[in-house]
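Inspection log for the structure reproduced underneath, given as structure tokens.
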Amino acid sequence: QNIEQYLVYGNPIKQSRSPDIHKIFADENNIAIDYQKQLVALGDFKTAVKIFIAQGGKGANVTAPFKEDALKLADTLTERASLAGAVNTLTFKEGKIYGDNTDGEGLVQDLLHNNVTLKQSRILILGAGGAVRGVLLPLLAQDPKSITIANRTVSKAEALCENFNDERLTACGFDELADQTFDVIINATSASLSGDLPPIPTSVITNDIACYDMVYGKDDTPFIKWAKAQGARKTIDGLGMLVGQAAVSFSVWHKIMPDIHSVIEQLRKAIQQG
Ligand code: NDP
């Protein structure tokens, strides 16, 4: 049997859980795949991809810092990849390179999996970096009432709104959030990575709000801890987004949407055990 080959590229790459996630999805769906991780030196991305294609590679995931290189390398882009300005999923078919971005759809899948209502909801996004750019189109496709993008550097949030040109989007600074209420808050700043909390007023937390942090770890992130302390009903960390983006990549390649629930549980246990 000819086993299809896949890779994830990054630098660093040791930490990547993508091979484990894809192998579980493949096993659960009786598909035989070979999925490895590859460390690529800065500047060598294009060469690495060409070599893999020549060896018969079928597709690849791309993580930092190569998502923009992958965007440039693709012959054809999906709308979500083009608007995200980044590619995390490459498909090699009939001599062509297809680029997609599944990060935003991964977030949406995880929110829906956690029974968070997005339709007609008022969403607050904290941060305006690459991750936010990647999630806006899939979030807008869920028909929210409004999406407010609050960022430390307000001009970046404004630039995103201009870029997407959708009347449901507004930009503001954190200090403008007082007296505003929302149904869902998504922390897409990298503040949690350095143990910090974005300076948002406690008044945004109402009992039935859902609070999501794109960062995840062994312990609750500072944002999740803070949201719980303010009485937030539902708090979710970003592990499911990681599994969700892998699931959407898997469906792009194999035309089967795998179940994310059991993989999230397995990864959660592995993370708890250190
Ligand atoms: P970027 O570096 O592009 O953007 C970082 C954002 O965080 C900016 O908006 C920045 O504000 C803001 N920020 C950083 N520190 C602080 C702080 N102390 N207080 C307030 N705001 C702060 O990062 P990305 O957009 O690529 O990623 C954001 C986070 O999402 C990362 O932590 C990343 O790990 C996570 N992520 C998780 C994924 C998952 O699968 N779970 C997928 C993708 C991302 P400013 O513009 O003012 O500098």
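No lab work stands behind these numbers, since they all come straight from the coordinates. Just so we're clear, the structure is a prediction, and the values are computed from it rather than from any experiment. Here the Cβ is made from the backbone with ideal geometry for all residues, glycine too, and neighbour counts use every protein chain on show.
Rounded to a whole number, what is D in µm²/s for region 4-101 from Stokes-Einstein with the Kirkwood radius over alpha-carbon pairs (4 °C, 1.567 mPa s)? Translational D for this selection: 96 µm²/s. Under a Gaussian network description of the chain, with springs only between Cα atoms under 10 Å, the residue in G104, G129, G56 that fluctuates furthest is G56.
When the charge dipole of region 112-170 is built from unit charges on Cβ atoms (+1 for Lys and Arg, -1 for Asp and Glu) and taken about the Cα centre, the candidate among L160, I149, L126 whose Cα reaches farthest toward its positive end is L126. Along its three principal directions, the equivalent ellipsoid of region 67-149 from the Cα gyration tensor extends over semi-axes of 27, 13, 9 Å, largest first. Expressed as an acute angle from 0 to 90° and rounded to the nearest 10, what is the orientation of the C-alpha long axis of helix 45-54 relative to the principal long axis of the chain? Approximately 40 degrees, to the nearest ten. What the phi angles of region 209-225 give under the Karplus curve with 6.51, -1.76 and 1.60, with θ = phi - 60°, is a coupling list of 7, 9, 10, 10, 10, 5, 7, 9, x, 5, 9, 4, 6, x, 5, 5, 4 Hz, glycine and proline written as x.
Angle check, please: helix 18-28 long axis (alpha carbons) against the longest principal axis of the chain (alpha carbons), in degrees 0 to 90, nearest 10. Value to nearest ten degrees: 80.
For the chain, modelled as a GNM whose springs connect Cα atoms under 10 angstrom apart, the maximal fluctuation among L77, L111, L193 occurs at L193.
Convex hull volume of the Cα atoms of the chain, normalised per residue: 130 Å³. Overall, the ratio between the Cα radius of gyration of region 110-242 and 2.2 N^0.38 Å, rounded to two decimals, is 0.95. Under the convention that each Lys and Arg Cβ holds +1 and each Asp and Glu Cβ holds -1, the size of the dipole of the chain around its Cα centre is about 460 debye. Along the chain, counting only GluC sites (Glu not before Pro) with a DSSP assignment other than H, G, I, E or B and at most 13 other Cβ atoms inside a 10 Å radius, the longest segment between sites is 168-274.
For a straight C-alpha distance cut-off of 26 angstrom, the lysines reachable from K67 (same-chain residues fewer than eight places away being disregarded) are K14, K23, K37, K46, K50, K58, K93, K96, K156, K255.
Ranked by how many other Cβ atoms sit within 10 Å of their own Cβ, fewest first, the residues I256, I125 fall in the order I256, I125. Distances between placed amide hydrogens fall under 5 Å for T235 paired with C211, all partners being 5 or more residues away or on another chain. Structural descriptor for the chain: relative contact order 15 percent, calculated from alpha carbon pairs under 8 angstrom and at least 6 residues apart. As a rough footprinting exposure proxy, the listed residues S18, S251 were ranked by other beta carbons within 10 Å of their own, and the order from fewest upward is S251, S18. The long axis of helix 103-113 is offset from the longest Cα principal axis of the chain by roughly 60 degrees.
All Cα-Cα separations within region 198-237 were binned at 10 Å from zero, giving a P(r) of 32, 59, 9, each value a whole percent of the pairs.
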